[in-house]
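Student: I'd like to ask you about the structure that follows.
The values are calculated or read from the model by the stated rules, or taken from the named source; none is laboratory data. What you see is a predicted model; the values in this text were computed from it and never measured. Note that each Cβ is placed from the backbone with ideal geometry, even for glycine, and that neighbours are counted across all protein chains shown.
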Amino acid sequence: MDHVIDVSQTGPEPTVLTETGGGGLIGSGLLADRPLAVYLDDHETAEYVLRNAKRGVELDFPAAEETVEPGGDYSALALVTDVRVLFAVGGSADREESSADAEDGFAPESADASADWTRSVPLADVVDVRTVEGGFRGDTFVLETVDDTTYRFACRGDLDPVREFTDAAVGIWTRAERRLERAAETVDRIGEAFEAGDVDVVLAAVEDVTDRLAEAREAASALAGSAAVVGERADEIGADAAALERRAHAERAEQARERAHTRWDDHEFERAYDHFGTALESYERALATDADRPTDDLLEQRRATLSVECDRLAEAPRDRAEHAADLARSAEDPETAADRWGAAVERYEELLALDWGREQPRFEGDREAAREALATAASRLVEAHCDRAREALEGAANPTTEPAVARGAVDRAEAALADAREVARERAPDASDEVEAVAAAIDDRRETLASVDPPTADADGGVVTDRPTPIVDRDADDAESGVAGDEIDDAEDETDGAEDETDDVDGESGDAAESADASVDPAAVNPGRFPAFVAALFRDHGWSTAVFDGGGDRKYDLIAEADGPVGVTVCVWTAHPDEVEAVDAATIERYAASLDRTEEADVAALVSAAPLSATARERATDHDVRVLDADGIAAECDRCDRDSLPGVPE
């Protein structure tokens, strides 16, 4: 029998693979227990068999050496396949490791475990293949493995083809195994990422695993045995990756669904629908992934629930707009109606803006019907603002007895009219007739106020006028003096030096000092003379003033001006406790709005003998409306000549 036998050829199976025993037909012994063919796995292909009679197999471990020799007339064999190299030594009954103890699991258990010794070396574990020349005794076939073990098998015959095949097969296995290891490492990492909630990382990495496994299969395809073994391992790794992928798709769907509900709650309907779409797509991908968890039934149930939620979302904008309109119809007062119809207008506009430019709309609702509903809501909103204006005018019914209250009522009516005009101009031009009718009513009430409270001359130096441009009573020599009250502090910085000149208002500082002994109660000042009283305070500190009667388009009671490096003009409102019980936040808001609409003044100020609510003071701070309250007025009076202040009781 040859010492190097090529068993890869087709045809009848060589006897070296099928026979056992000592001697017999082939003239020499092989193995005592079972033939080599028994050790071959179904996917394994035998390529070469090497044989020596007595020298056996030498094993060099990192810390020891060992030689396994055949017993009796048996032989030592090395079976080279496309999966491994199997060393088998016949008749080694004294060996501790027999065919039943093979480490790799390829060898089945033997009925006579002590007859033969076997050791299997997977090609994936081999790092070097070579032959060593041995002279007339033959060459040696050498394998080195990853665990630093060296196997030497002496054999007469030509070992070059065996070495070439084994070296090439080792390269194929190494490339395939390297890719399998990388894929397995990636699966471990994406498992950690999934536990950390990073599903996007998982889904991105799964594709990398799939690519690595495909590369491993391709690398192993050159050998039938490696293709089978690598394929099985790739299937196992792929199954682990698929299990994570399916769970990641399901988790991604849940996360997208949660984001959709958050956007829905914020009335961001299009973004909510986008997130629902992502969730549905993720459920589809989870169902398409070959894995067991979550179960198909659970995923189908979640997908069905999500579809119902999508249908509800598609109807939500329309229902929300219709609900706002229903609430507006039930409003019992103009203010509430205006707020609710304003909300209805906004919601119908949002409904019409949804899916703009999309060929396939996602949200329910006939667009033409929505446009008609928007037009109706806008008309009702104009009507509500006009009702607000008419209701405000009712507060100006007694201009003779309560001129200040009447002026405030007309101002509120004008503010409501401005809201009505804006809506009519932009959204409901057909409602302009009603707007103009309200405007005419406001003009009539202004004229009535002007007739019952005509302009008068202020005997104490100020001017009361209803002309659009104030007639300024200037005292040029005193224009650089201070500001009445600490609250109007910006103007004080620009017109300092007030106190020095206050003492010389009439040229006699002693008179002012004497009058300061008796404190002035601002609430006791004649209500009809209170604006002139405030103007006198300003003039006493070097300001020029113009007092208005509240008629015409005028929004404030007087204007005070101061010269200096930078001129300052203050529009001043006054409030007396006989005319207003307390100044509220809405009044402050109205003053601030008036300042924004005028170009005549730089600063807004309120001089009030009436109390201010806490909210009103906060609004004044927010809108930078300067406040001089009753205590501040009394303090300023102490610095002035009492005789120069009109309306003060004797």
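Student: Among the residues of the stretch 322-349, which ones are surrounded by 17 or more Cβ atoms within 10 Å (Cβ to Cβ), under 21 Å from PHE269 (Cβ atoms) and assigned by TED's automatic domain parsing to the domain that holds ARG427?
Tutor: Hits for the stretch 322-349 are ARG340, GLY342, ALA343, ALA344, VAL345, ARG347, TYR348.
Student: Would you point out the residue of the stretch 144-167, among those that are assigned to a loop (DSSP other than H, G, I, E, B) and more than 19 Å from ILE5 (Cβ to Cβ), that is farthest from the chain's Cα centre (by Cα)?
Tutor: THR149
Student: Would you tally the residues in the stretch 594-616 being farther than 19 Å from GLY408 by Cβ and surrounded by fewer than 18 Cβ atoms within 10 Å (Cβ to Cβ)?
Tutor: Number satisfying all stated conditions: 4.
Student: A follow-up question, please. Restricting attention to the stretch 498-554, which residues are at positive phi, touching an Asp or Glu at 6+ places or on another chain (Cβ under 9 Å) and at pLDDT below 50?
Tutor: GLY552
Student: I would also like to ask the following. Tell me, please, whether a residue that is over 14 Å from PRO531 (Cα atoms) and surrounded by 22 or more Cβ atoms within 10 Å (Cβ to Cβ) can be found in the stretch 572-581.
Tutor: No, the stretch 572-581 has no match at all.
Student: Among the residues of the stretch 288-303, are any closer than 21 Å to LEU244 by Cβ, of a type in the set (A, V, I, L, M) and exposed (fewer than 14 other Cβ atoms within 10 Å of the Cβ)?
Tutor: Looking for residues that are closer than 21 Å to LEU244 by Cβ, of a type in the set (A, V, I, L, M) and exposed (fewer than 14 other Cβ atoms within 10 Å of the Cβ), one finds at least one in the stretch 288-303, hence yes.
Student: Select from the stretch 104-132 the residues that are out of contact with any strand residue (DSSP E or B) (no Cβ under 6 Å at 6 or more places or on another chain), more than 24 Å from GLY225 (Cα to Cα) and hydrophobic (A, V, I, L, M, F, W, C) and write down the one among them that is modelled with the highest pLDDT.
Tutor: Among them, the one singled out is ALA115.
Student: Is it the case that ASP563 is out of contact with any Cys (no Cβ under 9 Å at 6 or more places or on another chain) and over 30 Å from ALA418 (Cα atoms)?
Tutor: Yes; evaluated as a whole, the condition is true for this residue.
Student: Could you please let me know if PRO361 is of a type outside the set (S, T, N, Q) and more than 30 Å from TYR556 (Cα to Cα)?
Tutor: Considered against the rule, which asks whether it is of a type outside the set (S, T, N, Q) and more than 30 Å from TYR556 (Cα to Cα), PRO361 comes out as yes.
Student: Hey, THR262 hits all of (1) β-branched (Val, Ile, Thr); (2) within 30 Å of PRO317 (Cβ to Cβ); (3) surrounded by 18 or more Cβ atoms within 10 Å (Cβ to Cβ) but one; which does it fall short on?
Tutor: (3)
Student: For the structure I just gave you, tell me whether LEU381 is at pLDDT 85 or above and buried (at least 18 other Cβ atoms within 10 Å of the Cβ).
Tutor: In short, yes.
Conditions tested, residue by residue: (1) under 19 Å from TYR556 (Cα atoms); (2) among the hydroxyl-bearing types (Ser, Thr, Tyr); (3) out of contact with any Leu (no Cβ under 7 Å at 6 or more places or on another chain).
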position	(1), (2), (3)
ASP602	yes, no, yes
ALA610	yes, no, yes
VAL627	yes, no, no
ALA635	no, no, yes
ARG639	no, no, yes
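Student: I would also like to ask the following. What is the number of the single condition among (1) at pLDDT below 90; (2) among the charged types (D, E, K, R); (3) surrounded by 21 or more Cβ atoms within 10 Å (Cβ to Cβ) that ARG246 does not meet?
Tutor: Among (1) at pLDDT below 90; (2) among the charged types (D, E, K, R); (3) surrounded by 21 or more Cβ atoms within 10 Å (Cβ to Cβ), the lone unmet condition for ARG246 is (1).
Student: Here's something else I'd like to know. If a residue must be outside any helix (DSSP H, G or I) and under 42 Å from the mean Cα position of the chain (by Cα), how many such residues does the stretch 605-637 contain?
Tutor: Matching residues across the stretch 605-637 total 4.
Student: Also: Looking at the structure I just gave you, is THR140 more than 12 Å from ALA78 (Cβ to Cβ), in contact with a Leu (Cβ under 9 Å, 6 or more places away or on another chain) and among the hydroxyl-bearing types (Ser, Thr, Tyr)?
Tutor: The answer is no for THR140.
Student: Can you confirm whether PRO649 is outside the structural domain of VAL525 (by TED's automatic domain parsing), touching a helix residue (DSSP H, G or I) at 6+ places or on another chain (Cβ under 6 Å), in a loop (DSSP other than H, G, I, E, B) and closer than 25 Å to ALA524 by Cβ?
Tutor: In short, yes.
Student: Another question, if that's okay. Checking the conditions here, which among ALA253, ALA220, ALA241 is crowded, with 17+ Cβ neighbours inside 10 Å and under 30 Å from LEU354 (Cα atoms)?
Tutor: That would be ALA253, the only listed residue that is crowded, with 17+ Cβ neighbours inside 10 Å and under 30 Å from LEU354 (Cα atoms).
Student: Moving on to the next point. Within the stretch 179-222, can you find the residues that are outside any helix (DSSP H, G or I) and closer than 18 Å to ALA286 by Cα?
Tutor: Scanning the stretch 179-222 gives GLY197, ASP198.
Student: Between ARG320, ARG388, ARG293, which is touching a residue at least 24 places away in the same chain (Cβ under 8 Å), in contact with an Asp or Glu (Cβ under 9 Å, 6 or more places away or on another chain) and within 30 Å of ARG257 (Cβ to Cβ)?
Tutor: Selected residue: ARG320, the only one of ARG320, ARG388, ARG293 that is touching a residue at least 24 places away in the same chain (Cβ under 8 Å), in contact with an Asp or Glu (Cβ under 9 Å, 6 or more places away or on another chain) and within 30 Å of ARG257 (Cβ to Cβ).
Rundown of residues vs (1) in the same structural domain as ASP82 (by TED's automatic domain parsing); (2) in a strand (DSSP E or B); (3) under 21 Å from PRO122 (Cα atoms); (4) of a type in the set (Lys, Arg), yes/no style:
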{"site": "GLY29", "(1), (2), (3), (4)": "yes, no, no, no"}
{"site": "ASP33", "(1), (2), (3), (4)": "yes, no, no, no"}
{"site": "VAL38", "(1), (2), (3), (4)": "yes, no, yes, no"}
{"site": "ASP42", "(1), (2), (3), (4)": "yes, no, yes, no"}
{"site": "TYR48", "(1), (2), (3), (4)": "yes, yes, yes, no"}
{"site": "ARG51", "(1), (2), (3), (4)": "yes, yes, yes, yes"}
{"site": "LYS54", "(1), (2), (3), (4)": "yes, no, no, yes"}
{"site": "LEU59", "(1), (2), (3), (4)": "yes, yes, yes, no"}
{"site": "THR67", "(1), (2), (3), (4)": "yes, yes, yes, no"}
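Student: Going through the stretch 398-445 one residue at a time, which ones are of a type in the set (D, E, K, R), touching a helix residue (DSSP H, G or I) at 6+ places or on another chain (Cβ under 6 Å), within 23 Å of GLU346 (Cα to Cα) and modelled with pLDDT of 85 or more?
Tutor: ASP419, ARG421, GLU434
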